[in-house]
Amino acid sequence: MVVGLGSRSTASFAVSAIGQLVKAGLRVVGVPTSEKTATQARSLGIPLATLGECPEIDVTIDGADEVELRTLNLIKGGGGNLLREKIVASASKRLIIVVDQSKLVSRLGSHVSVPVECAQFGWQSTARRLHALGSKPVARMDAGGKMFITDGGNCILDCPFGTIESAGELQSQLDATVGVVEHGLFIGLACQVVVGAAGGVQVLERH
């Protein structure tokens, strides 16, 4: 089985659990969505492959910054790995998202900005185009105060749009914006969301 391995804190718990299962005899191949996840997986003995070697993924397990209850549409990219995460998610037969209850919203954009991954060249011009769409883009910085650079060599503009009435329409506008490499709207990709809460685990399905 080919398993997409998500990024950031929530997904790292899943990677750790998969590592324990591999030690117990589970036979899987992992496709990591970030260099950090790849390092973690190797340390746990999980065999890894690239999308070139395994172009079709059986299931991907990842986290999200927001989950829209009605649609299971997502905002992702808080960790800066949205391009690879979306490529892996799009190549997956099933995308399972693991979140805590605080990530559930009635409309996307209620609490977080939409991360937009942009080419470094002319990013200021791209920011102006995003401003024209109704946002006030902020360049993401790293811990050292320099511009955050993704594993793919791009920068990220965090774009607050407020409550998003039509995620599909915004997705089309971002897709058509010159300089945008990818964005954190994951529309129609998640088939299942596993929600951890104080009262137990809830599983949401997209029909």
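Filtered by the rule that a residue be assigned to a loop (DSSP other than H, G, I, E, B), of a type in the set (A, V, I, L, M, F, W, C) and either out of contact with any helix residue (DSSP H, G or I) (no Cβ under 7 Å at 6 or more places or on another chain) or buried (at least 16 other Cβ atoms within 10 Å of the Cβ) (or both), segment 126-143 gives a lone residue, ALA143.
If the condition is being under 18 Å from SER90 (Cα atoms) and aliphatic (A, V, I, L, M), then segment 187-207 contributes ILE187, LEU189, ALA190, VAL193.
Scanning segment 180-198 for residues being surrounded by fewer than 17 Cβ atoms within 10 Å (Cβ to Cβ) and either under 14 Å from ALA167 (Cα atoms) or not hydrophobic (A, V, I, L, M, F, W, C) (or both) gives a total of 4. State yes or no: is GLN120 in the same structural domain as ASP158 (by TED's automatic domain parsing) and not in a helix (DSSP H, G or I)? Here the answer is yes, as GLN120 does meet what is asked. Quick one: GLY80 ticks every box in (1) in the same structural domain as VAL193 (by TED's automatic domain parsing); (2) touching a Gly at 6+ places or on another chain (Cβ under 8 Å) except a single one, so which number is it? Every condition holds for GLY80 apart from (2).
Number of residues in segment 139-174 that are free of Cβ contacts under 8 Å to residues at least 40 places away in the same chain and more than 19 Å from the chain's Cα centre (by Cα): the value is 7. If you filter segment 67-100 down to residues that are under 20 Å from THR163 (Cβ atoms) and in contact with a helix residue (DSSP H, G or I) (Cβ under 6 Å, 6 or more places away or on another chain), you find that the one that is surrounded by the most Cβ atoms within 10 Å (Cβ to Cβ) is LYS76.
Yes or no, residue by residue, for (1) surrounded by fewer than 19 Cβ atoms within 10 Å (Cβ to Cβ); (2) under 19 Å from the mean Cα position of the chain (by Cα); (3) not assigned by TED's automatic domain parsing to the domain that holds GLY152:
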| position | (1), (2), (3) |
| --- | --- |
| SER7 | no, yes, yes |
| THR10 | no, yes, yes |
| SER16 | yes, yes, yes |
| GLY25 | yes, no, yes |
| VAL29 | yes, no, yes |
| SER34 | no, yes, yes |
| LEU44 | yes, no, yes |
| PRO47 | yes, no, yes |
| ILE57 | no, yes, yes |
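When you scan segment 111-131, do you find a residue that is in contact (Cβ under 8 Å) with a residue 12 or more places away in the chain, within 30 Å of VAL203 (Cβ to Cβ) and more than 20 Å from the chain's Cα centre (by Cα), even just one? Looking for residues that are in contact (Cβ under 8 Å) with a residue 12 or more places away in the chain, within 30 Å of VAL203 (Cβ to Cβ) and more than 20 Å from the chain's Cα centre (by Cα), one finds none in segment 111-131, hence no. Being closer than 27 Å to GLN202 by Cβ, among the hydroxyl-bearing types (Ser, Thr, Tyr) and in a loop (DSSP other than H, G, I, E, B) is a description that does not apply to THR10. GLY45 passes every criterion in (1) small (Gly, Ala, Ser); (2) more than 15 Å from VAL2 (Cβ to Cβ); (3) free of Cβ contacts under 8 Å to residues at least 12 places away in the same chain apart from (3).
The values are calculated or read from the model by the stated rules, or taken from the named source; none is laboratory data. None of these values were measured; they are calculated from a predicted model. Positions of Cβ are backbone-derived with ideal geometry, glycine not excepted, and every protein chain shown enters the neighbour counts.
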